[in-house]
Amino acid sequence: MRYRSQSVAYWYFAVAMVLFGLQLVFGLLSAAKYLGPDPLLYILPFDVTKVIHTNLLIVWVLTGFMGATYWMVPDESRTELYSVKLAYLQLVLWTLMGVTAVVGYLFRYGTGNKLLEQPLPHKIVIVICMLLFLFNIGMTIWKSKRFTTTEGVLVLGLGLAAVLYLPALLEYENYTVAIFYRWWTIHLWVEGVWEMIQGGFLAYLLIRLSGADREVMEKWLYVIVGLVFIAGILGTAHHYYWVGVPAYWLPIGGIFSALEPVALVGMAIYAYSAMRRSGMSHPNTLALHWTLGSAVFTLFGAGLLGLAHTFPDVNKWTHGTLITAMHGHAAFYGAYAMITLAMISFAMPSMTPGRSEQGSSIGYWSFWLQLGGMFGMTLSFATAGIGQVYLERILGMGYLDAQLKIQVHFVMLVVTGSIFAIGVGLFIYDFFRYAPRFEVDDGQTAGPRPATKPVVTAAHA
Amino acid sequence: MNKRQARLFAIGSTVIATLAFLGLTIDSHRQFPKLTNAQNITPAVTHGKDVWHKYNCINCHTLFGEGAYYAPDLTKIAQHRGAEYLKAYMKDPSKFYDEQRHRRLMPKQDLTDVEIADLVSFLDWVSKVDNQGWPPRPILVTGAGVGPMGVLQAAAGSAPPPGAPPAGADKSPIALGEVVFREAMPACAACHSLLPGAQMAGPSLAGVATRAQETVGSADYTGDAKDAAAYLRESIVQPSAHMITGAMYSASGVSFMPATYGKDLTPDKIDHLVAYLMTFK
Ligand code: HEM
Ligand code: HEM
Ligand SMILES: [Fe+2]
């Protein structure tokens, strides 16, 4: 840790860890309900466990993003944060928002609109938190007068994410119009501005972990961002196929969303070749696993499995089946969970002394168990989904009868989900195992390398 | 390419894509009213939409294929089930399905009558939105489908599991009728679809209750029934009493439909079947 105020990141990460653990409890509960019968039918029915599962996901990932940004911006701009107090105030407000939202969902207090279930007061608090956050980050950069492309991409991504949340605050009389704008938030987040955020973290990590040249890395970062938006913006149309909008969205969706994986291939090559060409220049190989893992798993979960059902002629059979859940899990995990875990793994050794720089063996167990578990979950959803599409959509078997025939895949889901959860449990344990101690290190011990000009401090050995 | 050019590429492609997207958005707004029959969004439909949101329906079901995958898609449900069926179902789903058999059951939602009626109006509006003809084949809630899994398998597969409560005692007659429709020998569903215009060996029964009403009242009706329900009963028991013309369905005054239901089905079952068909208004 090179700046004292970076320590706020620890508390954001800690909150993210707890919420991540809770998310899985509700995921496993939901999966168990597929097997049924459900003894909790009138206490905690599926709709409640599922809404909590997905909302905790969004909240913990955003908490992680914010923490990671508070970690990264001082490093990039070489300064203390503008206001530590504001950062804590924001965390408290944000956490209260998250916790009360979850408690509310237990009583079905929510908007009942997929992934945007937050009640209006909560949505307003979310916006306030985002404004506090962006203000704090903006002022930090402004006052430092030092602004790198990497953090620029990150901060612009975060700012646009806040802007794209605004349509979710409105009410729409026409259900089709509501769907139309729901995707401005959801799709343009995960296949647009969040990819900028991921790209920003990825570039930061690669620059710090490898000896890659910043100029080259930032040039390619721009190229990736360009590729994301060429395809991703018009690619929104892959959610407009069967919802009551004009038919021209069909070919547009097919063409542009099929181009989306290009940026993801780019990202994977970017990460791989940075490491290939420049080699490791930092001891934290665990963070490297998470970093490369994120680039590769995104390509698999979002690129390959997204492409698998993105053409209208395929999507008309798979739309609204477990095939979507297959892709949703692998994509979200690879792109946004793994990049957050990468930032956490990178930052932790300098905030919790006693931890090994390379990562502990528990850390590696956690990595491989999560990866294996998530791969297994993806396969379970995929096989269940293929069965569902064939029986229900093609043969015309009734929904309930088709679900009975794919029970075995749900058993598989619970088993692989449990393996995954063990991996996450180990990560959380490893996180809290060492007490935090925030000591500013001036580059004597191993820590993040200074950025381009080795003027400020001497690089570690 | 240098860094400046790369930046230009990023900004330029974003701006172009955004402009194209906004242009198409404006054009879509021009077309929404027609595609979604916006003139039919009555206060009841809007209230029904609010009910849909209030009870978090979307976190089990899908509508237009969006939502959760724990319960069936409801985009076209209002065309598969009559309003009366849906109302009875929403009062108490456990009267229609057996959690022991399907391992899932929709929890009872304690909806008011107004909420239920408006929800049905909303679902009816949804089912009529022009959505590129999706789904390509009807998505059904239950039934064994056609093809290799065959209709006959439906009957075989439907024996209640050991330990299941005796069928029927607490079920609504409409729900029981739906089972008879699928499981009578031979199954009604083998020849009759419930989708408008989908003629199989027998005519589609979509809207059959309304048609029965019209037929009974018409001058050239040849049977003995006095009201729609009696007419449906007659059609089940004595298919040839009055026939809707069409060489596809009858010859020399004798319907192709089996005349065996009168003796094979118990009077109870026939009552249930009539109650079920009467929901297709
Ligand atoms: C990191 C990137 C991505 C994430 C996190 C992600 C996540 C998701 C999620 C959660 C859904 C379900 C949304 C809902 O129904 O509410 C979804 C749907 C979908 N995604 Fe992605 N996705 C990503 C990238 C992609 C890419 C690159 C493609 C195409 C090449 C793609 C194609 C699709 C399609 C076609 C659907 C609609 C499925 C349906 O018919 O219901 N996704 N995605
Ligand atoms: C123990 C591990 C997990 C289990 C057993 C699990 C199970 C489930 C289940 C049963 C659903 C509901 C699907 C439906 O609507 O029918 C779901 C939804 C979802 N989960 Fe998980 N989950 C787990 C972990 C995760 C993780 C780690 C992520 C992301 C990083 C995630 C992201 C999602 C998303 C995005 C959805 C909504 C998908 C859609 O609607 O298409 N889950 N999960
Ligand atoms: Fe998308």
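List of remarks:
- Note that the stretch B:209-255, at 4 °C in a medium of 1.567 mPa s, gets a Stokes-Einstein diffusion coefficient of 120 µm²/s from its Kirkwood radius over C-alpha pairs.
- Taking the three principal axes of the alpha carbon atoms in the stretch A:63-180, the coordinate ranges are 47, 29, 17 Å, sorted in descending order.
- Charge sum, other residues only, whose C-beta stays under 12 Å from residue B:261's C-beta, Lys/Arg counted +1 and Asp/Glu -1: +1
- Assuming charge only on the beta carbon of Lys and Arg (+1) and of Asp and Glu (-1), the dipole of the stretch A:1-147 about its Cα centre is about 440 debye to the nearest 20.
- Selected from A:135, A:105, A:244, residue furthest toward positive end of dipole (chain A; charges at beta carbon): A:135
- Radius of gyration and Dmax over the Cα atoms of the stretch B:39-127, both given in Å: 12.6, 43
- Most fluctuating residue given options B:271, B:170, B:92, as computed from a GNM of chain B linking Cα atoms under 10 Å: B:170
- Sorted largest first, the principal axis extents computed over the alpha-carbon atoms of the stretch B:43-86 equal 26, 23, 15 Å.
- For the chain pair A and B, the buried solvent-accessible surface (1.4 Å probe, both sides summed) amounts to about 7100 Å².
- log₁₀ of I(q)/I(0) at q = 0.06, 0.10 Å⁻¹ - chain A, Debye sum with one point per alpha carbon: -0.25, -0.72
- Note on chain B: with charges restricted to the Cβ of Lys and Arg (+1) and Asp and Glu (-1), its dipole about the Cα centre is near 1200 debye.
- In Å², nearest 10: area of residue A:351 left accessible to a 1.4 Å probe: 0
- Carbon + sulfur, % of accessible area of the stretch A:1-147 - ligands and nucleic acids excluded, 1.4 Å: 78
- Overall, the accessible surface of the stretch B:194-277 at a probe of 1.4 angstrom is composed of carbon and sulfur to the extent of 60 percent.
- With a 10 Å cut-off around each Cβ of A:88-100, the average count of Cβ atoms from other chains is 0.
- By the equivalent-ellipsoid construction on the alpha carbon gyration tensor, the stretch A:1-147 comes out with semi-axes of 35, 15, 10 Å, ordered largest to smallest.
- Residue-span extension gain [residue A:143 to residue A:411] - 0.36 nm each, minus C-alpha spacing: 91.0 nm
- Diffusion coefficient, µm² s⁻¹, Stokes-Einstein with Kirkwood Rh over alpha-carbon pairs of the stretch A:143-204 at 20 °C and 1.002 mPa s: 168
- Counting only protein chain heavy atoms and rolling a 1.4 Å probe, the accessible areas of B:269, A:33 rank, largest first, as B:269, A:33.
- Using a simple spin-label model with pseudo-atoms 7 Å out from Cα toward Cβ, residue A:362 and residue A:215 lie 4.5 nm apart.
- Of the residues A:285, A:406, A:26, the one whose Cα sits farthest towards the positive end of the charge dipole of chain A is A:285 (charges of +1 on Lys and Arg Cβ, -1 on Asp and Glu Cβ, taken about the Cα centre).
- Against the empirical 2.2 N^0.38 Å (N residues), the stretch A:153-280 has a Cα radius of gyration ratio of 1.22.
- Neighbours of residue A:36, meaning other residues whose beta-carbon lies under 10 angstrom from its beta-carbon, give a summed charge of +1 when Lys and Arg score +1 and Asp and Glu score -1.
- Protection proxy ranking, highest mean first, for peptides A:419-428, B:68-77: B:68-77, A:419-428, where packing is the per-residue count of other beta-carbon atoms within 10 Å, averaged.
- More than 23 Å apart - percent of Cα-Cα pairs taken over the stretch A:297-431: 43
- Relative contact order %, the stretch B:39-127, counting alpha carbon pairs below 8 Å whose residues are six or more apart: 39
- Cross-link pairs beyond the 18 Å C-alpha cut-off, checked among B:49/B:76; A:50/B:91; A:123/B:108; B:76/B:128; A:114/B:128: A:50/B:91; A:123/B:108; A:114/B:128
- Along the stretch A:403-418 the Karplus relation, 6.51 cos²θ - 1.76 cosθ + 1.60 evaluated at θ = phi - 60°, assigns HN-Hα couplings of 4, 5, 7, 10, 4, 4, 6, 6, 4, 4, 5, 5, 5, 5, x, 5 Hz to successive residues, with x for each Gly and Pro.
- Computed on chain A, with alpha-carbon pairs under 8 angstrom and 6+ residues apart, the relative contact order is 17 percent.
- Summing Cβ point charges (Lys, Arg +1; Asp, Glu -1) relative to the Cα centre of the stretch B:194-277 gives a dipole of roughly 120 debye.
- Chymotrypsin sites (Phe, Trp or Tyr not before Pro) within the stretch A:89-178, DSSP loop, no more than 16 other Cβ atoms inside 10 Å: A:107, A:109, A:147, A:172
- Long-range HN-HN contacts of residue A:210 with modeled amide H, under 5 Å: A:281
- Selection from A:169, A:188, A:202, by position along the positive dipole direction of the stretch A:156-219 (Cβ): A:202
- By the equivalent-ellipsoid construction on the alpha carbon gyration tensor, chain B comes out with semi-axes of 43, 23, 20 Å, ordered largest to smallest.
- Its relative contact order, with pairs defined as Cα atoms under 8 Å and 6+ residues apart, puts the stretch A:1-116 at 41 percent.
- Distance cut-off 16 Å, percentage of C-alpha pairs in the stretch B:194-277 lying past it: 54
The values are calculated or read from the model by the stated rules, or taken from the named source; none is laboratory data. Please read all numbers here as calculations on a predicted model, not as lab measurements. Glycine also receives a Cβ, built like all others from the backbone with ideal geometry; neighbour counts cover every protein chain displayed. To get the accessible areas, we keep the full protein, side chains included, count just its heavy atoms, and leave off ligands, DNA and RNA. Shrake-Rupley method; radii C 1.70, N 1.55, O 1.52, S 1.80 Å.
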